[in-house]
1. When you look at V168, is it closer than 21 Å to Q45 by Cα, open to solvent by 40 Å² or more (accessible area, probe 1.4 Å), of a type in the set (A, V, I, L, M) and in contact (Cβ under 8 Å) with a residue 24 or more places away in the chain, yes or no?
2. Between a first residue in region 1-26 that is closer than 14 Å to I193 by Cα and a second residue that is part of a helix (DSSP H, G or I) and of a type in the set (G, A, S), which pairs have beta carbons less than 8 Å apart while being 6 or more apart in sequence or on different chains?
3. Here are some conditions: (1) at pLDDT 75 or above; (2) exposed (fewer than 14 other Cβ atoms within 10 Å of the Cβ); (3) under 26 Å from the mean Cα position of the chain (by Cα). A59 meets all but one. Which one does it not meet?
4. Among the numbered criteria (1) open to solvent by 40 Å² or more (accessible area, probe 1.4 Å); (2) of a type in the set (D, E); (3) over 30 Å from V24 (Cα atoms), which single criterion is violated by E173?
5. Please tell me if Q28 is part of a helix (DSSP H, G or I), open to solvent by less than 40 Å² (accessible area, probe 1.4 Å) and at pLDDT 90 or above.
6. Can you list residue pairs whose Cβ atoms sit under 7 Å apart, with the first residue in region 77-92 being closer than 13 Å to W118 by Cβ and the second being open to solvent by less than 60 Å² (accessible area, probe 1.4 Å) and of a type outside the set (D, E, K, R)? Count only pairs 6 or more apart in sequence or on different chains.
7. Considering only residues of region 31-46 that are at pLDDT 70 or above and either open to solvent by 40 Å² or more (accessible area, probe 1.4 Å) or of a type in the set (F, W, Y) (or both), which is farthest from L183 (Cα to Cα)?
8. Looking at (1) among the β-branched types (V, I, T); (2) under 24 Å from the mean Cα position of the chain (by Cα); (3) open to solvent by 40 Å² or more (accessible area, probe 1.4 Å), which is the one condition that is false for T49?
Amino acid sequence: MKITLRLLTAFTIMVLLAAIIGLVGIRQVNSVWGNVENIFRHPLQVSNTVRDIQTHITAIHRTMKDVVLSESKEELQEYRLIIAEQEAVLYSDFEVLFERFLGDLNDIETAYNAFAAWFPIREEVIGLYIEGKTSEAVALTKGRGADHVAFMTEQMDLMAEFADQKSVEFYQESLAGRNKLILVSISLLILTIFAAVII
């Protein structure tokens with residue numbers, strides 16, 4: 001009878017310890033998965049969106065250089081349509097940033113307002129070109145226009161850097177969670193074996 005009781009006790013203890021290992025494992029796996037999901041939903045998407053914005057800003061600036069070199073109203077209109085399409089993508093990208101960015105939203109608003117303030121400069125360039133003041137249009141594009149592009153790029157770089165830092169933080173949390181899971185699992189397994197041997 002004592003042997004049966006001991007076997008039942010040992011079995012019960014091992015089942016309980018196995019259940020604890022399982023619960024701890026599930027909790028830690030969920031934590032690690034949550035950090036991986038956060039990396040995808042926030043830093044990764046923000047970094048990709050920021051780079052997409054920078055690409056379109058550069059493309060618009062290059063198109064503005066083509067504007068002042070266009071040889072007809074039709075060509076000018078074609079360039080303006082290209083710019084309008086790129087602007088639409090940019091505004092869509094900014095919506096993603098406002099939704100996903102984990103830092104100070106004022107940083108996004110600064111970049112967004114800078115982009116909005118670029119429109120009058122570009123319209124002034126086009127106006128000068130239409131008036132036949134090509135040299136002034138070129139000077140404005142290379143001067144104030146280029147400075148504005150550089151400022152916007154700097155603002156976007158700040159957000160990309162923040163997103164990269166958050167990505168590292170999430171990765172480190174995932175690594176710590178994995179190490180904790182391994183340590184707890186090994187400890188509980190040793191405890192299970194030790195309890196079984198004693199009983």
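1. Working: closer than 21 Å to Q45 by Cα: yes; open to solvent by 40 Å² or more (accessible area, probe 1.4 Å): yes; of a type in the set (A, V, I, L, M): yes; in contact (Cβ under 8 Å) with a residue 24 or more places away in the chain: no.
It is false that V168 is closer than 21 Å to Q45 by Cα, open to solvent by 40 Å² or more (accessible area, probe 1.4 Å), of a type in the set (A, V, I, L, M) and in contact (Cβ under 8 Å) with a residue 24 or more places away in the chain.
2. Correct list of pairs: A10/A195; A10/A196; I13/A195; I13/A196; M14/A195; M14/A196; L17/A195; I21/S185.
3. (2)
4. The failed condition is (3).
5. On the way: part of a helix (DSSP H, G or I): yes; open to solvent by less than 40 Å² (accessible area, probe 1.4 Å): yes; at pLDDT 90 or above: no.
Considered against the rule, which asks whether it is part of a helix (DSSP H, G or I), open to solvent by less than 40 Å² (accessible area, probe 1.4 Å) and at pLDDT 90 or above, Q28 comes out as no.
6. Pairs found: I83/I60; I83/T63; Q86/H56; Q86/A59; Q86/I60; L90/I53; L90/H56; L90/F115.
7. Of region 31-46, the ones at pLDDT 70 or above are 42-46.
Then keep just the ones that are either open to solvent by 40 Å² or more (accessible area, probe 1.4 Å) or of a type in the set (F, W, Y) (or both); that gives 44-45.
Working: L44: 30, Q45: 33 Å.
Of everything passing the filter in region 31-46, Q45 is farthest from L183 (Cα to Cα).
8. Going through the list (1) among the β-branched types (V, I, T); (2) under 24 Å from the mean Cα position of the chain (by Cα); (3) open to solvent by 40 Å² or more (accessible area, probe 1.4 Å), T49 breaks only (3).
The values are calculated or read from the model by the stated rules, or taken from the named source; none is laboratory data. Predicted model, so just to flag it, every value in this text is computed and none were measured. Heads up, the Cβs are rebuilt from the backbone with ideal geometry, glycines too, and the neighbour counts pull from every protein chain shown. We work out accessible area using only protein heavy atoms, side chains counted, and drop any ligands, DNA or RNA first. Shrake-Rupley method; radii C 1.70, N 1.55, O 1.52, S 1.80 Å.
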